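Report on the structure given below.
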Amino acid sequence: MIEGSLVALVTPFRNGEVDEEAIRSMVRWHIDQGTDGIVPVGTTGESATLDVKEHSRVTEIVVEETAGEIPIVAGAGSNDTRSAIYNNNRAQEVGADAALHVAGYYNRPSQEGLIKHFEAVHAASTIPIIIYNIPPRVIVDVLPDTMARIATLPRVIGVKDATGDLTRPLREGMLIDTEFSFLSGDDGTAVAYNAAGGNGCISVTANVAPALCRKMQAACKKGDFTTAAGIQKRLMPLHLALFAEPSPAGVKYAVSLLGLCNEYCRLPIVPLSPGTKSAIKEAMSTLGLI
């Protein structure tokens, strides 16, 4: 069961190339901060701009540096089933504990097409799979009945839910009768998602405030939603500031203020406006992060 506060890790660059030293430093910092798991090369990790070798290498570095202390869920998704299978196999080869697979963006497959896609990925390797359902980015929604059918595949172990629909963990939970990780993909609704049956979050904000995000998730696990909601209220200005402009520009800037890497993102993501930088800095200062 994968649960708690998992960080959707940024990918640091130096002189335009992947900064391997910074990745290792960030991973050690997250372990020290109590992060429950790491998700490299997802959307926040700028997977869309990494070439095949970079994509695999980032996951490999994270696996090496964690040395089995916490689970690694490697971003592996693609709208091309063959590429998704390749990424999945590489994640398995370098030692990731699970792989995260997004629905078929751009192609806009039918629900049956989604099922066939995930069946093909599942059949190609033995690594556990988490489905990433994020209709705002990919247009296609993995509907509850479809999720339930995909969940019958033995190695499909969970969902990262960024639908914004807080009934999903309830509706899907009614249809899925096996152990299944319901993970929010949205920082702003993470507590409400857990209250509806979720058991964790793959978080952007955890790049910046990992200890607070972990404390919030731990409170949810204990059923202490009063404490969790209090932490969420404190974090909300940071959540909002980080997403004021296209991500991961905001979180990269925030991480740079912590001295973990620079703020550079690959195009087409551009640097933040001064106003957004000011809002992020203020939110982090209020939380005592800087």
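Using the 10 angstrom Cβ neighbour count as an exposure proxy, how do T126, T59 rank, fewest first?
Working: T126 10, T59 28.
Going from sparsest to densest Cβ surroundings: T126, T59.
Taking the alpha-carbon centroid of each part, what is the distance from segment 221-290 to segment 121-174 in angstrom?
27
So what does the Cα-only Debye profile of segment 4-227 read at q = 0.14 Å⁻¹, as log10 I(q)/I(0), no solvent term?
Those come out to -0.81, one per q.
Say we join alpha carbon atoms closer than 10 Å with springs in a Gaussian network model of the chain; which of I127, I72, I202 then has the biggest fluctuation?
Comparing I127, I72, I202 in the GNM, the peak value goes to I127.
Determine, for E21, E65, E179, the number of other Cβ atoms within 10 Å of each Cβ, and report the residues in order from fewest to most. Before the final figure, lay out the partial values.
Values: E21 11, E65 19, E179 8.
Lowest to highest Cβ neighbour count: E179, E21, E65.
What order do you get for C213, C261 when you list them from fewest to most C-beta neighbours inside 10 Å? List each step's numbers first, then the result.
Values: C213 29, C261 21.
The most exposed by this proxy come first: C261, C213.
With the contact rule set at Cα under 8 Å and sequence spacing of 6 or more, what percent relative contact order holds for the chain? Each step should come with its number before you reach the end.
Details: 568 pairs, mean separation 52.6, N = 290.
Relative contact order comes out at 18 percent.
Applying the Karplus parametrisation 6.51 cos²θ - 1.76 cosθ + 1.60 with θ = phi - 60° to the phi angles of segment 138-145, what ³J(HN,Hα) value in whole Hz is obtained for each residue in order, glycine and proline being reported as x?
10, 6, 7, 10, 7, 5, x, 4
Work from the charge dipole of the chain (Cβ charges, +1 for Lys and Arg, -1 for Asp and Glu, about the Cα centre) and give the residue of V62, L143, A96 farthest towards its positive end.
Of V62, L143, A96, it is L143.
How about K221: which lysines have a C-alpha closer than 25 Å to its C-alpha, ignoring those fewer than 8 places off in the same chain?
Candidates past the 8-residue exclusion: K160, K233.
What number comes out for the charge environment of L143, summing +1 per Lys or Arg and -1 per Asp or Glu over other residues with Cβ under 11 Å away?
Spelling it out: positives minus negatives among the neighbours equals -1.
Nearest 20 debye, what's the magnitude of the dipole of the chain about its Cα centre given +1 on Lys and Arg Cβ and -1 on Asp and Glu Cβ? Can you show the working numbers first?
Numbers: 25 positive and 32 negative charges, 96 e Å.
Value, rounded to 20: 460 debye.
How long is segment 1-44 along each principal axis, judged by its Cα atoms, biggest number first, in Å?
For segment 1-44, the Cα spread along each principal axis is 37, 23, 11 Å.
Roughly what % antiparallel, to the nearest 5, for the DSSP beta bridges in the chain?
Numbers: 2 of 28 bridges.
Taking every DSSP beta bridge within the chain, about 5 percent pair in antiparallel fashion.
Tell me, what HN-Hα J-couplings in whole Hz come from the Karplus equation 6.51 cos²θ - 1.76 cosθ + 1.60 at θ = phi - 60° for each residue of segment 46-62, using x for Gly and Pro?
Listing the rounded values in order: 6, 4, 5, 10, 8, 7, 4, 5, 5, 4, 5, 5, 4, 4, 4, 4, 4 Hz.
For segment 149-161, what does the Karplus curve 6.51 cos²θ - 1.76 cosθ + 1.60, with θ = phi - 60°, yield as ³J(HN,Hα) per residue in whole Hz, taken in order and with x for Gly and Pro?
The phi angles translate into 5, 5, 5, 6, 5, x, 9, 8, 10, x, 9, 9, 9 Hz.
Out of residues 5 or more away from G4 or on other chains, whose amide H comes under 5 Å of its own, with H placed 1.01 Å from N in the peptide plane?
Here G200, C201 satisfy the definition.
No value in this document is a laboratory result; all are computed from the given coordinates. All of these numbers come straight from a predicted model, not from anything done at the bench. Because the Cβ atoms are built from the backbone with ideal geometry, glycine has one as well, and the counts that use them run over all protein chains shown.
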